[in-house]
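Trainee: Sharing a structure with you now.
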Amino acid sequence: MSARKIIIDTDPGQDDAVAILLALASPEEIEVLGITAVAGNVPLPLTEKNARIVCELAGKPETKVFAGCDVPMRRPLVTAEHVHGKTGLDGPELPDPVMALQDQHAVDFIIETLRAEPSGTVTLCPLGPLTNIATAFTRAPDIVARVQEIVLMGGAYFEVGNITPTAEFNIYVDPEAADIVFKSGAPIVVMPLDVTHKALVTQPRNDAFRALDTAVGIAVAQMTDFFERFDKEKYGSAGAPLHDPCVTAYLIWPDLFTGRHINVEIETTSELTLGMTVADWWRVTDRAPNATFMGDIDADGFFTLLTERLARL
Ligand code: BDR
Ligand code: CA
């Protein structure tokens, strides 16, 4: 089987970085057509720079990185330095990138790529707020039917919220964009907090990254150590959730995950529950299913896969 062509849309972020590394380490299954940066965990100048830092860490400076939207569609940007640090990639000391940022705007790249590649052959992998994707869908509605699948990290149901009591960060930052994407009709697979809060970097898993004794292994151990401080304190759990790599792991080994094909709507008006993913998990409405909402993960299998792939870089 040929590798699946993807665009990674991202706001690195330590967990975004690990998701990118996993994709770049897996050329047999994944062909990264480009990485599009969006404002999210930190402002755009940092997310696009961090994406390039990660490509160079992976030894893949030929990867195309594009800068996209610097603010959500209709709201001021909310960032998460309290989780990811001032740079967004706090933890390891990594050199500034030498590779150039592409001149083209990320939204233009997404539109152009979906029009140029055969219909149904490009998968979008959003790991941050959905601003770039929704902007592309709004400007070029013809591309929606050409998307093979959208596999995204965002939302929550049983785990409710991490940035407000009811909203997950990526959806909360740009709920209007999320609403456009979830209503688009493109096939969607969602990795919500319900899954990622089971993908915990426990000490033995962190030790396994470090034991690779490579630049990548050590950097990933340091990155996960960094945001662990925040998450362990917050959740009192055995380790920090590694959210975004669930997306790229799904492309390699979908059987690690189980979920339900259900209706998911985004709250865009309530001040109290803004950005909530209203997931009809129990199928109590007659609203049409629009997403496969994952609920469980084989966490040991996930970390075995991740560590084995990171060793290849
Ligand atoms: C999501 O928010 C960001 O902080 C992480 O990178 C992840 O994409 C988790 O809510
Ligand atoms: Ca992210």
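Trainee: Just to check your reading of the model, which residue among D286, D298 is open to solvent by 50 Å² or more (accessible area, probe 1.4 Å), farther than 19 Å from V160 by Cα and in contact (Cβ under 8 Å) with a residue 40 or more places away in the chain? Walk me through how you get there before you give the answer.
Mentor: Details: D286 fails: in contact (Cβ under 8 Å) with a residue 40 or more places away in the chain.
Checking each option against the conditions leaves just D298.
Trainee: Take the range 275-289 and flag every residue that is under 19 Å from V181 (Cβ atoms) and of a type outside the set (V, I, T).
Mentor: Once the filter is applied, which keeps residues that are under 19 Å from V181 (Cβ atoms) and of a type outside the set (V, I, T), the range 275-289 yields G275, M276, A279, D280, R287, A288, P289.
Trainee: While we're looking at this one, here's another question. Are any of the residues in the range 14-22 among the charged types (D, E, K, R) and within 10 Å of ligand 2 (Cβ to nearest atom)?
Mentor: yes
Trainee: List the pairs whose first member sits in the range 55-68 and is over 11 Å from T36 (Cβ atoms), whose second member is among the hydroxyl-bearing types (S, T, Y), and whose Cβ atoms are under 7 Å apart, counting only residues at least 6 apart or on separate chains?
Mentor: Within 7 Å, the pairs are C55/T63.
Trainee: Is there any pair with a first residue in the range 1-29 that is assigned to a helix (DSSP H, G or I) and a second that is at pLDDT 95 or above and of a type in the set (S, T, Y) whose Cβ atoms are under 8 Å apart and which are 6 or more apart or on different chains, and what are they?
Mentor: D16/T10; A19/T10; A19/T248; I20/T10; I20/T248; L22/T248; A23/T248; L24/T63
Trainee: Further question: Filter the range 118-136 down to residues that are small (G, A, S) and outside any helix (DSSP H, G or I) and give me whichever is least open to solvent (accessible area, probe 1.4 Å).
Mentor: The extreme case among them is G128.
Trainee: Only one residue in I6, I30 is over 20 Å from D103 (Cβ atoms) and touching a Cys at 6+ places or on another chain (Cβ under 7 Å). Which one?
Mentor: I6
Trainee: Taking the options R139, R146, R74, R115, name whichever one is crowded, with 17+ Cβ neighbours inside 10 Å, in contact with a helix residue (DSSP H, G or I) (Cβ under 8 Å, 6 or more places away or on another chain) and at pLDDT 95 or above.
Mentor: On the way: R139 fails: crowded, with 17+ Cβ neighbours inside 10 Å; R74 fails: crowded, with 17+ Cβ neighbours inside 10 Å; R115 fails: crowded, with 17+ Cβ neighbours inside 10 Å.
Sole residue among the options that is crowded, with 17+ Cβ neighbours inside 10 Å, in contact with a helix residue (DSSP H, G or I) (Cβ under 8 Å, 6 or more places away or on another chain) and at pLDDT 95 or above: R146.
Trainee: Next up: I'd like the full set of residues that are in contact (Cβ under 8 Å) with a residue 40 or more places away in the chain and either open to solvent by 60 Å² or more (accessible area, probe 1.4 Å) or in contact with a Phe, Trp or Tyr (Cβ under 8 Å, 6 or more places away or on another chain) (or both), limited to the range 256-283. Even if it seems obvious, please write down each step before you answer.
Mentor: Step one: list which residues in the range 256-283 are in contact (Cβ under 8 Å) with a residue 40 or more places away in the chain, which gives 256-257, 259, 264-268, 272-277, 279, 281.
Answer for the range 256-283, where residues must be in contact (Cβ under 8 Å) with a residue 40 or more places away in the chain and either open to solvent by 60 Å² or more (accessible area, probe 1.4 Å) or in contact with a Phe, Trp or Tyr (Cβ under 8 Å, 6 or more places away or on another chain) (or both): L256, F257, G259, V264, E265, I266, L272, L274, G275, T277, A279, W281.
Trainee: May I pose another question? Would you say L313 is outside any loop (DSSP other than H, G, I, E, B) and either at pLDDT 95 or above or buried (at least 19 other Cβ atoms within 10 Å of the Cβ) (or both)?
Mentor: No: the conditions fail for L313.
Trainee: Of the conditions (1) among the hydroxyl-bearing types (S, T, Y); (2) in a strand (DSSP E or B); (3) loosely packed, with under 14 Cβ neighbours inside 10 Å, T292 clears all except one; give me its number.
Mentor: (3)
Trainee: Keeping to the range 233-255, report how many residues are open to solvent by less than 10 Å² (accessible area, probe 1.4 Å) and either without any contact (Cβ under 8 Å) to a residue 12 or more places away in the chain or not in a strand (DSSP E or B) (or both).
Mentor: Quick first cut of the range 233-255, residues open to solvent by less than 10 Å² (accessible area, probe 1.4 Å) only: 239-242, 244-249.
Retained after the next criterion (residues that are either without any contact (Cβ under 8 Å) to a residue 12 or more places away in the chain or not in a strand (DSSP E or B) (or both)): 239, 242, 244-249.
Looking only at that region, the number is 8.
Trainee: Restricted to the range 90-108, and to residues that are open to solvent by less than 20 Å² (accessible area, probe 1.4 Å) and either aromatic (F, W, Y) or assigned to a helix (DSSP H, G or I) (or both), which residue is farthest from V220 (Cα to Cα)?
Mentor: Top of the filtered list is V107.
Residue-by-condition table, conditions (1) aromatic (F, W, Y); (2) closer than 26 Å to L306 by Cβ:
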position: P97; (1), (2): no, yes
position: G120; (1), (2): no, no
position: T166; (1), (2): no, no
position: F182; (1), (2): yes, no
position: V195; (1), (2): no, yes
position: V201; (1), (2): no, yes
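Trainee: Out of the helices (runs of 4 or more DSSP H) lying entirely within the range 149-217, which hold 3 or more residues that are open to solvent by 10 Å² or more (accessible area, probe 1.4 Å) and away from ligand 2 (no atom under 16 Å from the Cβ)?
Mentor: Qualifying helices (runs of 4 or more DSSP H): 175-182, 203-211.
Trainee: From the list T131, T135, exactly one residue is within 16 Å of ligand 2 (Cβ to nearest atom) and among the hydroxyl-bearing types (S, T, Y). Which is it?
Mentor: Exactly one of T131, T135 is within 16 Å of ligand 2 (Cβ to nearest atom) and among the hydroxyl-bearing types (S, T, Y), namely T131.
Trainee: Name the residue that is farthest from C55 (Cα to Cα), counting only residues in the range 81-126 that are without any contact (Cβ under 8 Å) to a residue 60 or more places away in the chain and within 16 Å of ligand 1 (Cβ to nearest atom).
Mentor: E81
Trainee: Out of the range 33-51, which residues are over 15 Å from H84 (Cβ atoms) and surrounded by fewer than 24 Cβ atoms within 10 Å (Cβ to Cβ)?
Mentor: Correct list: L33, G34.
The values are calculated or read from the model by the stated rules, or taken from the named source; none is laboratory data. Not measured: the values here are computed from a predicted model. Please note: Cβ atoms are built from the backbone with ideal geometry, for glycine as well, and neighbour counts cover all protein chains shown. Heavy atoms of the whole protein, side chains included, go into the accessibility calculation; ligands, DNA and RNA do not. Shrake-Rupley method; radii C 1.70, N 1.55, O 1.52, S 1.80 Å.
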